[in-house]
Structure formats: C-alpha cells, structure tokens
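The values are calculated or read from the model by the stated rules, or taken from the named source; none is laboratory data. Since we're looking at a predicted model, the values are computed, not measured. Reconstructed Cβ throughout: ideal geometry from the backbone, glycine too, with neighbour counts over all protein chains shown. Side chains are part of the model used for accessible areas, which takes the heavy atoms of the whole protein and leaves out ligands, DNA and RNA. Shrake-Rupley method; radii C 1.70, N 1.55, O 1.52, S 1.80 Å.
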Amino acid sequence: MYQALLREQLETLKSSNQYRTFTTLSRICGQYPLAKLDGREQEPVVVWCSNDYLGMSQHPAVREQMHDALETYGAGSGGSRNIGGSHEVYTSLEASLADWHGKEAALVFPTGFGSNDATLQCLLRRIPDCVVISDELNHASIVNGIRSTPNERKIFRHNDVEHLEQILASYPLGQPKIVVFESIYSMDGDIAPIAEIVAIAKRYNALTYLDEVHAVGMYGPRGAGIAAELDVADQVDIIQGTMAKAIGVIGGYIASDQVIVDAVRSFAVGFIFTTSLPPAITAGCLASVEHLKASRFERDQLHTQTAKLRERLKHYDVPVMPCSQTHVLPVRVGEAKRCKAAAERLLHNHGVYLQPINYPSVPVGTERFRVNATPNHSDAQIEHLAVSLRETFDYFSIPLASEVFAAEVA
C-alpha cells in the first residue's frame, strides 16, 4: 500500500516534467569548469551552472591546507561541537568569518541549509510572540525554518519595501518581529533593496536576517557581500552565508553579535545534535576565506567574464531575463518539457552542461537555465555556449529575446 501511494506521486511528478534526475559529472581537478560525463573517457563537458562561482574548490592554497589538515587531524571531527567535535580550526574559521562581516561572533554549521533552518527555528521559538516577515522568494531553507515553528508569519511581495512597511506598521512597536530576506536571489539574479529594508525594519523595531549566500566572496570590500558593498552590514542584525558556493567547499554560518550567536549555539536543535565539519573541510574554508579577503583577482575576473557572457548572449538574441543584475544569468525557456529536452541536446550535442530549472523552483511558464560564468571560463568557451544556446533554441523553436520580451512589453 505504501509503495503504491508513493509510486503514484512519483508518476505524477514525472508526467509534469518535475521529476529530477542526476547527471553524473566528475570534475577534473585543475581543469575547472571541465568535467567527465558519467566517468567515461571522452571529451569533457563544460559546466555552466556550478555554484563554485570563483573556482576556489580548485585553488592550490585551499587544497594544500586541506591536505595538511587531513594529515594532522585525520578524516573526521569525532562528534558534535559539544562532544569532541570542536577542533582548533573551528576557532580560527569562526573568528575569520566574524571579522569578514564586521560582527562580534560567528557560528559554523555543516551546511548553508542547516544554518538557515536551525537559526530561524531557534530564534522564533526563543523570542516570545515573534512575528516573522519573509520575502516571497526566499530560499527553501528559510521557508522550512519558518514553517517548522508555530509563530505568526507574513509574506511580503518580492523586494517590495512599501508592502513590507504596511505589514510592519500593522503590529505594535513593542511586539518582537524579524524580517528575513536575501541579498541576491539565485533564480532571478536580482538584488534586494537592502538599505531600504534595514531602515524600515529599524523604524518598526524589527530584527533583520540577511541571507548572503550568493554574494559572499564576490561583492563588496574583501568580498564580504552586498551589505558590505552598500556599507550597511553593521546595521544588519544577522548575516547568514555559505562556504559551498564562492568559497568553494561546504558549510554554512551566521555572523551577529555575541548574544545572538551564543543563543543559537546554546539552543538551536539543528546545531547541537549534528556532527561538526571535519578539520580538513574547515581548513579549506578558512584558507579560501582568508584568500578572498586579500585578493580581488577572482571576483574582478568573475565580473569581467560575466559581462562578456551577457554581451554574447545578447548578440545571439538568447533571452536573458531582464531581472538579472548580477553574475546569475537566468535564460528563459518557458516550458518544462522543452527545458529538459534542450538541456539534453546541449549536453550530448554541444558538450554543455546546464541544469533545467522547472517548477516548483520557479513559477510555471518561467522555466529556465541558470547560467553563470566563472573566472575559469575562457572567452572561447563563452562564445561556444552562446552559439550552442542559439542553435538549441532554434532547434526547439524556443522564443528568442526579441520575441518573448517584446511580447511581454506589448
């Protein structure tokens, strides 16, 4: 009976083209963004949708520190932070992250999902009668953390500061409130009006919780993110980030004042009852963060290659959605079945790996590829991608930019 119930749901998922399959990609150390497909000895494919935005997973300093930590400490951490897993590299990493964001303290989690989920659950359960007000496009980890509590919650329209203010104004000034939003939204590539949101939240006595996972390493002085670039990081109460994207390894974190960080450390179930990151992982994260604090090269090259890619896609009339303001270039396909078929053609006919993004990750009718260049992508690879996308769009009669965006304006 149980298998039949689940099988029916899986079949529904497949019939709506929402069923996810894994593409086995074995990245080649030192040759990023190249990867072997299914481990076969053939021409490698070019990866165009990795979250390894700066190629730091390949950086010699990161790999060297990971090797050294492995030989010094062994493979695992030995337990949770409370039970033997709080090794000395953690102290250095958390101090480095706090310094990066100009905060008193930081706390590292095994994943970015976990840092959002556990922190929000903890704060909402520990602050009596706290209302949470969340941007409608916030990540699933934020949504999950919020939904896991009985707190009253409100959703404000995406990046709509007027709607946010209307919601905040409807509550007494003394009632606890927390506003949760992201700096860069990964499916659209747009940027939140951080300064305005923070100012409004302060006016109504609300805490601010900012997810910077798609910005840390790539924006702002020393790569500390969009809030730092706008010089408002000191006004944000809690900054959340990840070490699985631009930093190139894995792990999540929060940075805030000492009291908030200590409360999360002491009460967050998702932190207390999980094994800590191994020393080799934390050492790699620390090496990457310290390098990115001192080096502008990677992020400058990222923005240079992004500008080139954006121009070449425009040249070939490939529909980059106009909401994009960042290194994330959403290329609109607009239909789930064709999106999946186009991804297959790009992979097997052109050696280009792009993951189809369908509902529920994005609204129906806006299915897309989420494309991003890195410092490691060459000009020749950029040209090849643009040509390949145009050929694939023509093959499947997918509307081009001059058609789809002109129709939307009309």
### Summary
Total charge of the residues flanking I238 in space, meaning their Cβ is under 11 Å from its Cβ, with Lys and Arg +1 and Asp and Glu -1, is -3
### Task
Taking the Cα centre of the range 109-190 as origin, work out the dipole magnitude from +1 charges on Lys and Arg Cβ and -1 charges on Asp and Glu Cβ, in debye rounded to 20.
460 debye
### Query
Which semi-axes, in whole Å and largest first, does the equivalent ellipsoid of the range 160-215 have when worked out from the alpha carbon gyration tensor as the square roots of 5 times its eigenvalues?
22, 11, 8
## Note on the structure
Pairs over 32 Å Cα to Cα, from K103/K314; K36/K245; K245/K314; K202/K245, come to K103/K314
#### Entry: Placed amide H near V131: partners under 5 Å, 5+ positions off or other chain
K177, I178
### Message
Which three extents, in angstrom, do the Cα atoms of the range 3-129 have along their principal axes, listed largest first?
### Response
49, 48, 30
### Query
In terms of the ratio Rg/(2.2 N^0.38 Å) built on C-alpha atoms, what value belongs to the range 176-257?
1.04
### Task
List the GluC sites (Glu not before Pro) within the range 32-114 that fall in a DSSP loop (any state other than H, G, I, E or B) and whose Cβ has at most 12 other Cβ atoms within 10 Å.
E41
#### Entry: Total formal charge among the other residues, if their Cβ is under 14 angstrom from that of D38, Lys/Arg +1 and Asp/Glu -1
0
### Summary
Computed Rg/Rh for the range 61-144 (Cα atoms; Rh = Kirkwood radius) stands at 1.06
### Task
Would you grab the residues whose amide H sits under 5 Å from the one on S80? Only those 5+ places off in sequence or on another chain, please, with H modelled 1.01 Å from N.
G85, S276
### Query
Which whole-Hz ³J(HN,Hα) couplings does the range 42-50 yield from phi under the Karplus relation 6.51 cos²θ - 1.76 cosθ + 1.60, θ = phi - 60°, glycine and proline marked x?
8, 4, x, 9, 9, 8, 10, 9, 7
### Task
Just need the relative contact order of the range 235-301 here, percent rounded to a whole number, with Cα pairs under 8 Å and 6+ apart.
26 percent
## Note on the structure
For the chain, the accessible surface attributable to carbon and sulfur atoms (probe 1.4 angstrom, ligands and nucleic acids excluded) amounts in percent to 53 percent
## Note on the structure
The answer for the chain, accessible area per residue at 1.4 Å probe in Å², is 44 Å²
### Query
Looking only at trypsin sites (Lys or Arg not before Pro) in DSSP loops with at most 10 other Cβ atoms within 10 Å, what is the longest site-free stretch of the chain?
41-410
### Query
How big is the convex hull of the Cα atoms of the range 174-317, per residue, in Å³?
144 Å³
### Message
Test of the criteria: in the range 94-186, which chymotrypsin sites (Phe, Trp or Tyr not before Pro) are in a DSSP loop and have at most 16 other Cβ atoms within 10 angstrom of their Cβ?
### Response
none
### Message
Could you compute how fast the range 59-294 diffuses translationally, taking Rh as the Kirkwood radius over C-alpha pairs and applying Stokes-Einstein at 25 °C with viscosity 0.890 mPa s? Give it in µm² per second.
### Response
137 µm²/s
### Query
Mind listing which chymotrypsin sites (Phe, Trp or Tyr not before Pro) in the range 1-79 are in a DSSP loop and have 10 or fewer other Cβ atoms within 10 Å?
F22
#### Entry: Distance between the range 364-394 and the range 217-242 - C-alpha centres, whole angstrom
29 Å
#### Entry: Rg and Dmax of the chain, Cα atoms only, in Å
21.8, 65
### Message
Rg and Dmax in Å for the range 213-252, alpha carbons only: what are they?
### Response
9.9, 28
### Task
At 18 Å minimum axial length over the Cα atoms and a Kyte-Doolittle cut of -0.5, report the qualifying DSSP H helices in the chain, or say none.
88-101, 112-126, 279-294, 379-395
### Query
Label L70 and N82 with points 7 Å out from Cα along Cα→Cβ: what is the distance between them in nm?
3.2 nm
### Task
Check cross-link reach from K14 to the lysines: straight Cα distance under 22 Å, and skip same-chain residues fewer than eight apart.
K337, K340
### Query
With Cβ to Cβ distances under 13 Å as the rule, what net charge do the other residues near L329 carry (K, R +1; D, E -1)?
+4
